[in-house]
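K.L.:
Below you will find the structure I want to go over with you.
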């Protein structure tokens, strides 16, 4: 069986550290399917604990359901039947009876807020007057990142300053896919990553016994499958006018990253596009990118997806729904390979940005893309402390001549304004394979990495 807690040691250590406090209020949040529930249940499995999953039934129904769960934990039938009318009374009566420092986990806390806008203030009172004075660990989980940030973490939230710790759970890194697909080559791992990102629930939908293309046919391009409908399901939960949002996301997936390009692609009014983009940013479906060397946000931002699953879905699934639902999905593969090659080259850049930290002997403080007018560099990594800067290009091709790549890279690097008179420059080239690797170009150190180097690094973990 595949391990479910690959590379979650840091998160578990964080929970354990906070649990050692006399009382603790911990906020754990992150996108759906990221593994929040499994993480906290793994942490709590050898501890006295209560797990409660809030839902949309309403405030009173959630309160009575939590009362029932608490009664089962206490093994107290009288507590179950008690006429408890509000949340403060519930926690007061529970804390009087609880022993052995229970971990109280409330999952999907935003559902409680949606049904009762006073919930953050109520839980502030519960914490200040009851739980902070008792030996208890309260964990609030949420998948609606914007709601968790607004109602538990922001300065305006009644719970602000009460938490003993917070953790935004992020996807697994590319290098961890090897644990799920021990027999896949690096090229196929990158392809899997281009669809599933590092989202555990999505990764586990792929069968390691099938090829990548077979997994696409069976688990993505087939009506009724989880990965076929997941993006649409999640977004329709969050958005009131999905059609316009979907057109905007399709534009971004098609390579239209600037606001003006999105306006032209969709035909929507500029003001509306701006409004919709802000909503998509708020719910963390997309994010804004700026040249890595700039110190403050610019107006001319790039809008990109936060994870690969949405990117893949809007590029390849959403435009082909008619074919898929007509049960002629095989026709997609007639044109899929060429377009997929262009798509995965952008994913390869993302993988390379991650691998920079593992493959190169530097400690970079910032890594990302750089662009100015018509010039663009795939990766620029900088160290503010040492004033070292790395310029790198990523080529999703075989038999790359690194010297030719570096010749063009030097010209573009000259346009990067960052500590120009005192920086130490390095260059790197990433490719599927090389016809010629080099170690130096015009007096600058050059690093060349291909998929075999990726494989060795991953296996050395």
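Rule-based calculations on the coordinates, nothing more; no lab input. Everything numeric in this text was worked out from a predicted model, so none of it was measured. We place every Cβ from the backbone using ideal geometry, glycine too, and count neighbours over all the protein chains shown.
K.L.:
Relative contact order (percent) for the chain, with alpha-carbon contacts under 8 angstrom and 6 or more residues of separation? Working shown, then result.
P.N.:
Working: 660 pairs, mean separation 54.8, N = 461.
12 percent.
K.L.:
May I ask you to work out the translational diffusion coefficient for segment 83-242 at 20 °C, viscosity 1.002 mPa s, via Stokes-Einstein with Rh from the Kirkwood sum over Cα pairs, reported in whole µm²/s?
P.N.:
Value of D from the Cα-based Kirkwood radius: 112 µm²/s.
K.L.:
At residue 47 and residue 339, where each label point lies 7 Å from the Cα along Cα→Cβ, what is the point-to-point distance in nanometres?
P.N.:
Each label point is offset 7 Å from its Cα along the Cβ direction, giving 4.8 nm.
K.L.:
In percent, how large is the relative contact order of segment 228-329, given Cα pairs closer than 8 Å and 6 or more residues apart?
P.N.:
Values: 84 pairs, mean separation 29.8, N = 102.
Contact order relative to length: 29 percent.
K.L.:
While we're looking at this one, here's another question. If I stretch the segment between residue 452 and residue 121 completely, what's the gain in nm (0.36 nm per residue apart, minus their alpha carbon distance), one decimal? List each step's numbers first, then the result.
P.N.:
Values: separation 331, 0.36 × 331 = 119.16 nm, distance 5.50 nm.
Taking 0.36 nm per residue and subtracting the Cα distance, the gain is 113.7 nm.
K.L.:
Please compute the Kirkwood hydrodynamic radius over segment 174-340, one decimal place, Å, based on all pairs of different Cα atoms.
P.N.:
Evaluated on segment 174-340, it is 17.1 Å.
K.L.:
Only counting other Cβ atoms within 10 Å, I'd like 449, 52 sorted with the fewest neighbours first.
P.N.:
Values: 449 22, 52 19.
By the 10 Å Cβ count, ascending, the order reads 52, 449.
K.L.:
Quick one, which of [x] 62, 52, 47; [y] 79, 57, 49; [z] 132, 70, 41 is the actual Cα extents along the principal axes in Å calculated for this model?
P.N.:
[y]
K.L.:
Additional query: Rg and Dmax of segment 306-461, Cα atoms, in Å?
P.N.:
Both quantities, over Cα of segment 306-461: 18.2, 61 Å.
K.L.:
I've got another one for you. I'd like the FRET efficiency for residue 270 and residue 97, computed as 1/(1 + (r/R0)^6) with the beta carbon distance as r and R0 of 45 Å, rounded to 0.05.
P.N.:
Working: r = 59 Å, r/R0 = 1.32.
E(calc), rounded to 0.05, equals 0.15.
K.L.:
Can you say what percent of the DSSP beta bridges in the chain, counting only those with both residues inside, are antiparallel? Round to 5. Please list the in-between numbers first.
P.N.:
Values: 17 of 51 bridges.
Taking every DSSP beta bridge within the chain, about 35 percent pair in antiparallel fashion.
K.L.:
Measure off 7 Å from each Cα along the Cα-to-Cβ vector at residue 328 and residue 424, then give the distance between these two points in nanometres to one decimal.
P.N.:
Going by the 7 Å Cα→Cβ label model, 6.1 nm.
K.L.:
Express in whole angstrom the spacing between the alpha-carbon centres of segment 98-116 and segment 379-394.
P.N.:
First find each Cα centre; the distance between them is then 44 Å.
K.L.:
What is the order of 416, 218, fewest Cβ neighbours within 10 Å to most?
P.N.:
Least to most surrounded, the residues fall as 218, 416.
K.L.:
Looking at segment 360-459 only, what percent of DSSP beta bridges run antiparallel? Nearest 5 please. If you can, show how the numbers build up before the last one.
P.N.:
Numbers: 13 of 28 bridges.
The antiparallel proportion sits near 45 percent.
K.L.:
Let me ask you something else. As an exercise, use a Förster radius of 22 Å and the Cβ-Cβ distance of residue 214 and residue 32 to find the FRET efficiency, rounded to the nearest 0.05. Show your work: numbers first, answer last.
P.N.:
Numbers: r = 26 Å, r/R0 = 1.19.
That pair, residue 214 with residue 32, gives E of 0.25.
K.L.:
Something else now. For a label point 7 Å from the Cα of residue 404 along Cα→C-beta, name the residues of segment 431-449 whose backbone N is under 20 Å from it.
P.N.:
Counting backbone N atoms under 20 Å from the label point, the list is 431-442, 446-449.
K.L.:
A further question on this structure: Once you have a ≥ b ≥ c as the square roots of the Cα gyration tensor eigenvalues for segment 1-74, tell me rounded if a/c is under 1.5, and otherwise prolate or oblate according to whether a/b is larger than b/c.
P.N.:
Prolate is the answer for segment 1-74, as a/c is 1.5 or above and a/b outweighs b/c.
K.L.:
If contacts are Cα pairs under 8 angstrom and at least 6 residues apart, what is the relative contact order of segment 51-189 in percent?
P.N.:
Values: 134 pairs, mean separation 32.4, N = 139.
Relative contact order comes out at 23 percent.
K.L.:
With axes computed from alpha carbons, what is the tilt in degrees of helix 242-253 against the longest principal axis of the chain, rounded to the nearest 10 within 0 to 90?
P.N.:
40
K.L.:
Distance in nm between label sites at residue 433 and residue 60, each 7 Å beyond Cα in the beta-carbon direction?
P.N.:
Distance between label points: 7.1 nm.
K.L.:
Further question on the same structure: Rg and Dmax of segment 23-147, using alpha carbons, in Å: what are they?
P.N.:
Here Rg and the maximum Cα pair distance are 13.7, 39 Å.
K.L.:
How many angstrom lie between the C-alpha centres of segment 184-229 and segment 1-79?
P.N.:
Taking the Cα centre of segment 1-79 as reference, the centre of segment 184-229 is 29 Å away.
K.L.:
List 221, 123 from most exposed to least, where exposure is judged by having the fewest other Cβ atoms within 10 Å. Display every interim value, and only then the final one.
P.N.:
On the way: 221 21, 123 27.
Starting with the residue having the fewest Cβ neighbours, the order is 221, 123.
K.L.:
Taking R0 as 41 Å, what's the FRET efficiency between residue 114 and residue 254 from their Cβ-Cβ distance, rounded to 0.05? Display every interim value, and only then the final one.
P.N.:
Working: r = 34 Å, r/R0 = 0.82.
Rounded to the nearest 0.05, the efficiency is 0.75.
K.L.:
Further question on the same structure: Taking 0.36 nm per residue of separation and subtracting the Cα-Cα distance, what length does fully extending residue 414 through residue 146 add?
P.N.:
92.5 nm
K.L.:
In whole Å, what is the distance between the alpha-carbon centres of segment 148-162 and segment 339-359?
P.N.:
Spelled out, the Cα-based centre of one part sits 36 Å from the other.
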